[in-house]
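Engineer: Okay, handing you the structure first.
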Amino acid sequence: MRVIHTVAELRQALQGERTTTFVPTMGNLHDGHLSLVRQAKGFSGPVVASIFVNRLQFAPHEDFDTYPRTLAQDCARLAPAGCDLVFAPSERELYPQPQGVKVVPPPELADILEGAFRPGFFTGVCTVVAKLFAIVQPAVAVFGQKDYQQLMVIRQMTAQLALPIRIEAGPTARADDGLALSSRNGYLSADERAEAPALARALQGLAAAVRAGGLQDLSALEAEAQQSLTARGWQPDYLTVRRRADLQPPTSPAEPLVALGAARLGRTRLIDNLEF
């Protein structure tokens with residue numbers, strides 16, 4: 001496995017390659033990331049994983065400066081997972097000048113849910129992903145389904161810009177107690193880690209209630225799910241049920257739905273989702 005730090009070197013390494021599969025990450029890798037790399041290995045061609053903490057998707061009050069940077073550890077885990085190339089650029093390498101050109105996703109998808117609580121987040125995501133796509137030029141890119149809205153935004157960006165890239169989703173990886181794996185789980189104290197699976201359970205309860213009673217009392221069911229976490233010491237941003245197709249409020253319980261949630265536990269903000 002090669003570790004590459006410059007755009008020029010990466011382009012040289014991939015020159016003439018038309019079957020690359022790409023797994024973009026911000027590093028501090030866990031088993032969920034590695035499952036995406038193993039999934040990528042199932043396609044033909046080399047597997048490239050990027051490691052870059054993207055300043056553009058962090059608000060000023062968020063954890064950009066303290067986000068864990070563990071390149072050596074990440075590379076040691078990527079090699080046995082089947083990664084062929086690691087692209088780990090510096091900020092100066094990826095943004096040699098201020099990134100004035102940005103990719104702004106449609107507000108009806110990007111300004112709701114996560115976008116409502118993290119303004120500008122998906123513009124930062126789309127901008128860096130579009131730039132990485134231009135550098136790597138993959139045939140396939142694999143994204144985790146835990147970041148459900150992000151996956152949808154990337155799919156729409158890729159389609160609307162007519163990028164010749166197939167977007168593949170990787171199932172959410174979970175710990176034995178049901179907690180969705182996340183790099184930010186490392187911020188949790190021991191007590192918070194024991195409490196953290198309550199978010200997944202709240203989403204399971206919300207989905208079960210909708211399956212049992214339909215959508216007539218959806219607002220009340222969502223409020224009840226949020227209150228169940230608040231009573232346990234969480235600070236929920238949202239627990240909601242949406243259509244899988246466009247993340248808009250559902251109109252029929254028969255259409256494919258997804259329960260999505262985001263909540264703070266202590267200083268750590270966790271997200272999760274459940275299709276049903």
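The values are calculated or read from the model by the stated rules, or taken from the named source; none is laboratory data. Values in this document were obtained by computation on a predicted structure and should not be read as measured data. Positions of Cβ are generated from backbone atoms using ideal geometry, with glycine treated the same way; all protein chains shown enter the neighbour counts. When the accessible area is computed, the model is the full protein with side chains, heavy atoms only, and any ligands, DNA or RNA have been set aside. Shrake-Rupley method; radii C 1.70, N 1.55, O 1.52, S 1.80 Å.
Engineer: Determine the pairs where a residue that is modelled with pLDDT under 95, located within the range 238-251, has a partner that is of a type outside the set (V, I, T) with Cβ atoms under 8 Å apart, the partner being 6 or more residues away or on another chain.
Structural biologist: Final answer for the pair search is T251/L215; T251/R243.
Engineer: Quick one: count up the residues across the range 133-160 that are open to solvent by 20 Å² or more (accessible area, probe 1.4 Å), closer than 17 Å to T172 by Cα, assigned to a helix (DSSP H, G or I) and in contact with a Leu (Cβ under 9 Å, 6 or more places away or on another chain).
Structural biologist: 1
Rundown of residues vs (1) surrounded by 21 or more Cβ atoms within 10 Å (Cβ to Cβ); (2) among the hydroxyl-bearing types (S, T, Y), yes/no style:
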position: V3; (1), (2): no, no
position: T6; (1), (2): no, yes
position: P24; (1), (2): yes, no
position: D31; (1), (2): no, no
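Engineer: Having 2 or more residues that are of a type outside the set (G, A, S) and within 29 Å of Q160 (Cα to Cα) is the bar; report the strands (runs of 3 or more DSSP E) wholly within the range 1-104 that clear it.
Structural biologist: Ranges flagged: 21-25, 47-51, 85-87.
Engineer: Name the residues in the range 180-220 that are under 30 Å from E62 (Cβ atoms) and free of Cβ contacts under 8 Å to residues at least 24 places away in the same chain, would you?
Structural biologist: A190, D191, R193, A194, P197, R201, G205, S219
Engineer: Could you count how many residues in the range 191-230 are of a type in the set (G, A, S), open to solvent by 70 Å² or more (accessible area, probe 1.4 Å) and either touching a Lys or Arg at 6+ places or on another chain (Cβ under 8 Å) or under 26 Å from L181 (Cβ atoms) (or both)?
Structural biologist: Within the range 191-230, residues that are of a type in the set (G, A, S), open to solvent by 70 Å² or more (accessible area, probe 1.4 Å) and either touching a Lys or Arg at 6+ places or on another chain (Cβ under 8 Å) or under 26 Å from L181 (Cβ atoms) (or both) number 1.
Engineer: Taking D111 and the conditions (1) free of Cβ contacts under 8 Å to residues at least 60 places away in the same chain; (2) farther than 26 Å from V241 by Cβ; (3) open to solvent by 30 Å² or more (accessible area, probe 1.4 Å), which numbered condition does it fall short on, given that it satisfies the others?
Structural biologist: Status for D111: all satisfied but (2).
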